[in-house]
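Shown next, in structure tokens, is the structure this report addresses.
The values are calculated or read from the model by the stated rules, or taken from the named source; none is laboratory data. All of these numbers come straight from a predicted model, not from anything done at the bench. Note that each Cβ is placed from the backbone with ideal geometry, even for glycine, and that neighbours are counted across all protein chains shown.
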Amino acid sequence: MCSAVRREPDPAEAAATAMARHRHDPHELVQVLIEVQEACGWIPPPAIDCIQARLGLPRARILGVATFYAFLHIFPRGRYRILFSDNITDRMLGSEALLQRLCRSLWVERGRVSEDGLVSVDTTSCTGLCDQGPALLVNGRAMGRLTPARIDEVAEKVREAVPLEDWPAAWFRVDDPVRRRDALLSGTWPPGEALRAGLARGAEALVGEVKASRLRGRGGAGFPTGQKWAACRDAPGRTRYLVCNADEGEPGNFKDRVLLSTAADAVIEGMTLGALATGARRGFLYLRGEYRFLLAHLEDVLARRRAQRLLGESILGHEGFDFDVAIHVGAGAYVCGEESALIESLEGRRGMPRNRPPYPVTQGYLGEPTVVNNVETFASACLVALHGAKWYARLGTPESAGTKLLCVSGDCARPGTYEYPFGVSLREVLSDCGAGEAQAVQVSGPSGATVPAAEFGRRIGFEDLPTAGAVMVFGRERDLFEVARNFVHFFAHESCGFCTPCRVGTSLLRNMMDKLAHGHGSPYDFAEIERLNRLLQVMSHCGLGHSACNPVLGTIAKFRPAYQRRLAHEEFEPAFDLDRALAAARQMTGRDDAAAHVREEEEGTA
């Protein structure tokens, strides 16, 4: 009996199939490339040839897009592409040791493809599983709560070339632990109820209610939602679009995952309310690539809502109220969380932030007025439609109405999602999650604020500690310099390269932090880091560069001894260490004796 031979897919055929599914629309280029890679394991030249011929796009543009996104590859990356989360909380849980264990077991170097072409092992910035790390992605599928035993089992499956669909389903189970519920997560309204309430008010009154509720964007910046909807509705143009930004790439954040998994109806219903308010007929849900495991679930929700006449034409029987949602999957680019970069990606290009003004509400997707709101913002709009502005505005504080979802991870007994009215103190959050011995908390991810224990009385809210949701807890044994160093590496990795200050500045900042870590620090470096931070804040094109200095500035200000310990020299010390540079050669030759090292001569000797 002969075994079945695995048939290699035809790249041109895979490209043709993907383009047909996306109506040969050049704006769907990112989705086409993702589907080609899913079929072929990478994006081969014949597939690029086919896309170039049928979509009429320059080859340089196709290659530019394919090389911009971290999850797309124009060279083979192995039948199994394994990416460990490199977020600081995963590192605190031992992800580095697990990665090395898998590499040793599979005889593969990190960042390279194995000699037989079977597997590659590397890191990715964050998988969005901070509440259940350490985590990794296998061909885009998420796997959390890793242990040494699980890593050994993964290695065995890879060595035996077991198809991914035959791996145990339990390995890929993603939980959504909600530790505290309030108005939003306790909502049990049936699908369509908020929409009916919005229709009963009418579009004009609905915008007024959202304005009066003081609902602000939940992505961190906090722009008034009603004001954004009104600006889009009143902007010149005949076509309007609505975009739900579910590209939460900020390390430590996972609330979008929880909402899309457990309350997708509320999110889609909030989008439909936004369409009623603005006159949009077409919407997009931009789903980060790490959450691709949610795609089938979300497509089912959309299909059910269409069947219930909650999406599509003549919604709930109202002639002329037409609105539908398409899901656009990201391909690994943190910068696409910025709304203009997200729109560039939607249009099939590299996710480069645009110059502003004009803003998306006047010139967004395809140059038309476009609303971009966060997942939590759209879900919260349902509460306004259901209960009214006065009821909603009573929640929280005068400056920050409503509730906020907090994603708690790190050194605590009960990581997960917590919902509180705005105004809750960090001390209460830490008590609830079991983090009594915390040294510091990073609020709103690497770009946010580093809060020491003496300031745990501070409160979550736009008037004190604004946050997209991340609350990362660091116990007393943690080195806050290493935390900041990890965040700086994140920004350097995720810089889109559009502007020189950010592209070069984040790399220089990373190198300086590495220099301090390797024992070559001096007061000169300390001053140079602070100078570079000022330049990044002033000269960078978008928020990534502006905030890249935040973790360093925050820890220098609040945990200066962690930096002082690294200032090992009074005078300038070069970063290059010849002896360390020769370490690879010593390993290759098997020598580690004294003569194989370069040592400085002792002072006073010949």
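Quick notes on this structure:
- Evaluation of ASP152 against the conditions (1) of a type in the set (D, E, K, R); (2) within 28 Å of PHE487 (Cα to Cα); (3) touching a residue at least 40 places away in the same chain (Cβ under 8 Å) shows that the sole unmet condition is (2).
- For the criterion of being in contact with a helix residue (DSSP H, G or I) (Cβ under 8 Å, 6 or more places away or on another chain) and small (Gly, Ala, Ser), ALA413 passes.
- Helices (runs of 4 or more DSSP H) enclosed by the range 523-606 - at least 2 residues per element that are at pLDDT 85 or above: 523-539, 550-558, 560-564
- Any hit, the range 130-144, residues being more than 21 Å from GLU96 (Cβ to Cβ) and either of a type in the set (D, E, K, R) or touching an Asp or Glu at 6+ places or on another chain (Cβ under 7 Å) (or both): yes
- Subset tally (residues that are more than 18 Å from ASN253 (Cβ to Cβ) and touching a residue at least 24 places away in the same chain (Cβ under 8 Å)) for the range 441-462: 6
- Wholly enclosed helices (runs of 4 or more DSSP H) of the range 255-367 bearing at least 1 residues farther than 30 Å from GLY64 by Cβ and not polar (S, T, N, Q): 255-262, 264-278, 295-307
- Just one of the listed residues (PHE75, PHE84) is aromatic (Phe, Trp, Tyr) and under 30 Å from PRO551 (Cβ atoms), and it is PHE84.
Residues checked against (1) at pLDDT 95 or above; (2) charged (D, E, K, R); (3) closer than 30 Å to PHE474 by Cα:
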position: GLN52; (1), (2), (3): yes, no, no
position: ARG59; (1), (2), (3): yes, yes, no
position: THR67; (1), (2), (3): yes, no, no
position: HIS73; (1), (2), (3): yes, no, no
position: TYR80; (1), (2), (3): yes, no, no
position: SER85; (1), (2), (3): yes, no, yes
position: ASP90; (1), (2), (3): yes, yes, yes
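- Of the helices (runs of 4 or more DSSP H) lying entirely inside the range 1-111, those carrying at least 3 residues that are under 27 Å from the mean Cα position of the chain (by Cα) and surrounded by fewer than 17 Cβ atoms within 10 Å (Cβ to Cβ) are 59-68, 95-106.
Okay, residues lined up against (1) of a type in the set (Gly, Ala, Ser); (2) surrounded by fewer than 23 Cβ atoms within 10 Å (Cβ to Cβ); (3) closer than 19 Å to ASP182 by Cα:
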| position | (1), (2), (3) |
| --- | --- |
| GLU347 | no, yes, no |
| LEU366 | no, yes, no |
| GLU376 | no, no, yes |
| GLY388 | yes, yes, yes |
| ARG414 | no, yes, yes |
| TYR420 | no, yes, yes |
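- The range 171-213: number of residues that are acidic (Asp, Glu) and either modelled with pLDDT under 95 or more than 22 Å from CYS232 (Cα to Cα) (or both): 4
- ASP322 being closer than 30 Å to TRP171 by Cα and among the charged types (D, E, K, R): no
- Reported count of residues in the range 463-506, each being in contact (Cβ under 8 Å) with a residue 60 or more places away in the chain, closer than 16 Å to ILE88 by Cβ and aliphatic (A, V, I, L, M), is 8.
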